[in-house]
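As structure tokens, the structure follows; a few thoughts come after it.
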Amino acid sequence: MSPRADFLRPLVLSGPSGVGKSTLLQRLFSEFPDKFGFSVSHTTRNPRAGEVDGKHYHFVPAQRFKDLIQEGAFIEHAEFSGNHYGTSFETVRQVHEQGRRCILDIEAQGVRQIKNTKLNPVYLFISPPSLVALRSRLQGRGTETEASVQKRLATALAEVAYAQEPGAHDLVIVNDDLDRAYEVFKRVAQGEEIESERLPAFDDVA
Ligand SMILES: Nc1ncnc2c1ncn2[C@@H]1O[C@H](COP(=O)(O)OP(=O)(O)OP(=O)(O)O)[C@@H](O)[C@H]1O
């Protein structure tokens, strides 16, 4: 069977920190070990426990990151919560070369930058069901200090505001129930054209 047309386009996954992007990706990669490739970003942040250099991120010093910007190595790059993140042309090329669909995990500033390139991806926004749920996931993950949770929630508001702009993303999936959200995510990843879900109102206070 030939792949669906959308399967040939990269998939840009975005959504606020703590919404469950990594969780969804881990499930997808374990169910389909050969079909998808993650575009491993470069970052200046420190690795979290269990994170592997070259697999989760390319961890680089700030100076190396600056050099890469100068060399024009990045499709997009941005600062987030005091650290720099970037996606290199080279990592996306490597995934395509392996015949896999490339999935990029990008925040809103990066999404804007990618729109000025020829990448032509499908833009998928993973939304929390509410801001209160997002806060409790960030706290429950146990990786952030309270100050960092606050910072991520403030950034989440900007992500959500961007997602509310018409045409910001092609599709929205609300990660309310993980099993349900994963089933929809899996269909999108495989290139199926689905109807977008509606963004929640976000009128709660986190
Ligand atoms: N549908 C869900 N219901 C409840 N908890 C969830 C759900 N999806 C994910 N989680 C939990 O929320 C926490 C944050 O998830 P995850 O680390 O995948 O977020 P992320 O979007 O990748 O964040 P970051 O951008 O900071 O890496 C994790 O502890 C995860 O187990």
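The values are calculated or read from the model by the stated rules, or taken from the named source; none is laboratory data. No experiment lies behind these values; they were computed from the predicted model shown. Cβ coordinates were reconstructed from backbone atoms using ideal geometry, including for glycine residues, and neighbour counts include every protein chain displayed. Protein only, heavy atoms only, side chains kept; ligands, DNA and RNA dropped before computing areas. Shrake-Rupley method; radii C 1.70, N 1.55, O 1.52, S 1.80 Å.
Applying the selection to region 107-120, what residues are open to solvent by less than 60 Å² (accessible area, probe 1.4 Å), farther than 23 Å from residue 194 by Cα and not in a helix (DSSP H, G or I)? Listed by number, the list holds a single entry, 117.
Checked against (1) in contact with a helix residue (DSSP H, G or I) (Cβ under 8 Å, 6 or more places away or on another chain); (2) surrounded by fewer than 16 Cβ atoms within 10 Å (Cβ to Cβ); (3) closer than 14 Å to residue 76 by Cβ, residue 123 passes all but a single condition, namely (2).
Going through 136, 148, 130 one at a time, which residue ends up being without any contact (Cβ under 8 Å) to a residue 40 or more places away in the chain and farther than 18 Å from residue 12 by Cβ?
On the way: 148 fails: without any contact (Cβ under 8 Å) to a residue 40 or more places away in the chain; 130 fails: without any contact (Cβ under 8 Å) to a residue 40 or more places away in the chain.
None of the others qualify; the one that does is 136.
Every residue, every condition in (1) assigned to a loop (DSSP other than H, G, I, E, B); (2) within 16 Å of the ligand (Cβ to nearest atom); (3) hydrophobic (A, V, I, L, M, F, W, C), yes or no:
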site: 13; (1), (2), (3): no, yes, yes
site: 34; (1), (2), (3): yes, no, no
site: 50; (1), (2), (3): yes, yes, no
site: 63; (1), (2), (3): no, no, no
site: 78; (1), (2), (3): no, yes, yes
site: 84; (1), (2), (3): no, yes, no
site: 91; (1), (2), (3): no, no, no
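Beta carbons closer than 6 Å, at least 6 apart along the sequence or on distinct chains, never pair a first residue in region 151-162 that is at pLDDT below 90 with a second that is open to solvent by 50 Å² or more (accessible area, probe 1.4 Å).
In this entry, residue 137 is excluded by the filter for residues that are open to solvent by 50 Å² or more (accessible area, probe 1.4 Å), away from the ligand (no atom under 15 Å from the Cβ) and basic (Lys, Arg).
Taking region 140-155 as the range and being within 15 Å of residue 16 (Cβ to Cβ), among the hydrophobic types (A, V, I, L, M, F, W, C) and either within 11 Å of the ligand (Cβ to nearest atom) or open to solvent by 70 Å² or more (accessible area, probe 1.4 Å) (or both) as the test, only 149 passes. Residues of region 52-61 that are outside any strand (DSSP E or B) and either exposed (fewer than 13 other Cβ atoms within 10 Å of the Cβ) or at positive phi (or both): 52, 54, 55, 61. Screening residue 177 on (1) open to solvent by 70 Å² or more (accessible area, probe 1.4 Å); (2) more than 11 Å from the ligand (Cβ to nearest atom); (3) over 16 Å from the mean Cα position of the chain (by Cα) shows it passes everything except condition (2).
Within region 1-46, restricting attention to residues that are in contact with a Pro (Cβ under 9 Å, 6 or more places away or on another chain) and of a type in the set (A, V, I, L, M), which residue is nearest to residue 181 (Cα to Cα)? Here the answer is 19. Scanning region 36-48 for residues that are open to solvent by less than 20 Å² (accessible area, probe 1.4 Å) and part of a strand (DSSP E or B) yields 36, 37, 41, 43. Beta carbons closer than 7 Å, at least 6 apart along the sequence or on distinct chains, pair a first residue in region 180-193 that is closer than 14 Å to residue 121 by Cα and open to solvent by 40 Å² or more (accessible area, probe 1.4 Å) with a second that is modelled with pLDDT under 95 and not in a loop (DSSP other than H, G, I, E, B) for 190/7; 193/6. Put simply, of 104, 24 the only residue that is closer than 25 Å to residue 155 by Cα, assigned to a strand (DSSP E or B), within 13 Å of the ligand (Cβ to nearest atom) and not β-branched (Val, Ile, Thr) is 104.
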